[in-house]
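The values are calculated or read from the model by the stated rules, or taken from the named source; none is laboratory data. As the structure is a prediction and not an experimental result, all values here were calculated from the model. Backbone-built Cβ (ideal geometry, glycine too); neighbour counts: all protein chains shown.
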Amino acid sequence: MNRLGIGFIGAGGVARVHMKNIGQIEHAKIVAVTDIQTEAAKRAASEYNARAYADAEQMMDNENLDAIFLCVPPFAHSELEEKVVARNIHLMVEKPVELELSRAKEKAKMIESSGIINASGYCLRYWDLIAKAKELLGNQTVAMVRGQYLSSFVNTPWYRHQEKSGGQLVEQSTHIVDLVRYLAGDVQTVSADMALTVSKHIEGLDIPDVSSVNMRHFIV
């Protein structure tokens, strides 16, 4: 049986979760890993008998890859998606795809028109619990969906800065937005507020630590 060859761009925490899961799939194999922190790439590659690279383009050009998992921080995406698509490699990209909406739309259009198999890392909608909720709702009009995301502070240096992470709403709570849209449909109007409150003492922090978003899915 031919096994799918998987490459990883990024070897951090979320990449490791994907690697562990792929390692349990008999018809897939991790063949290459790249990370700007070369030691991280080498460690991950050694665990899966894969090859380590310091450069993503070199990895894509040297390896016969069926798919790539793009697992880098929000600010580091740059034109990586374009480079994967140009080589006609299937793509799973961790969210958020971009920090600027206009760039996200450009990338979405480019990826969709390429014809490659693609996905972003909105995994919660595939939970058994959510699948059951979707089944029970059927075609009913949903009056209200309430979602909450609570977390202790993420002590990752880039997470503290709005221009690098997009803040907790874009970096993490976006999972809740995805679930609400999945269960209730597309959004018609939005009102929101955010603030930096209890975490003001953290040096260099410039992202809100609390946010509230109301989304209306149909106009009465």
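All of D178, D206 fail the test of being outside any loop (DSSP other than H, G, I, E, B) and touching a helix residue (DSSP H, G or I) at 6+ places or on another chain (Cβ under 7 Å), apart from D178. Within segment 163-220, the set of residues being closer than 20 Å to C123 by Cα and surrounded by fewer than 10 Cβ atoms within 10 Å (Cβ to Cβ) comprises just one member, D186.
Residue check: is R181 among the basic types (K, R) and in contact with a Leu (Cβ under 8 Å, 6 or more places away or on another chain)? No. Meeting the requirement of 3 or more residues that are over 26 Å from Q172 (Cβ atoms), the helices (runs of 4 or more DSSP H) wholly within segment 1-116 are 38-47, 56-62, 80-86. Restricting attention to segment 112-129, and to residues there that are of a type outside the set (A, V, I, L, M, F, W, C) and surrounded by fewer than 16 Cβ atoms within 10 Å (Cβ to Cβ), which single residue is nearest to N21 (Cα to Cα)? The residue in question is Y126. Out of segment 80-111, which residues are surrounded by fewer than 16 Cβ atoms within 10 Å (Cβ to Cβ), modelled with pLDDT under 95 and either touching a Lys or Arg at 6+ places or on another chain (Cβ under 8 Å) or of a type in the set (D, E) (or both)? Within segment 80-111, E100 is the sole residue that qualifies. Counting only residues that are touching a residue at least 24 places away in the same chain (Cβ under 8 Å), surrounded by fewer than 17 Cβ atoms within 10 Å (Cβ to Cβ) and closer than 15 Å to K95 by Cα, segment 13-36 holds 1 of them. Hey, any hits in segment 131-149 for a residue that's farther than 30 Å from D206 by Cβ, touching a helix residue (DSSP H, G or I) at 6+ places or on another chain (Cβ under 9 Å) and not hydrophobic (A, V, I, L, M, F, W, C)? Looking for residues that are farther than 30 Å from D206 by Cβ, touching a helix residue (DSSP H, G or I) at 6+ places or on another chain (Cβ under 9 Å) and not hydrophobic (A, V, I, L, M, F, W, C), one finds at least one in segment 131-149, hence yes.
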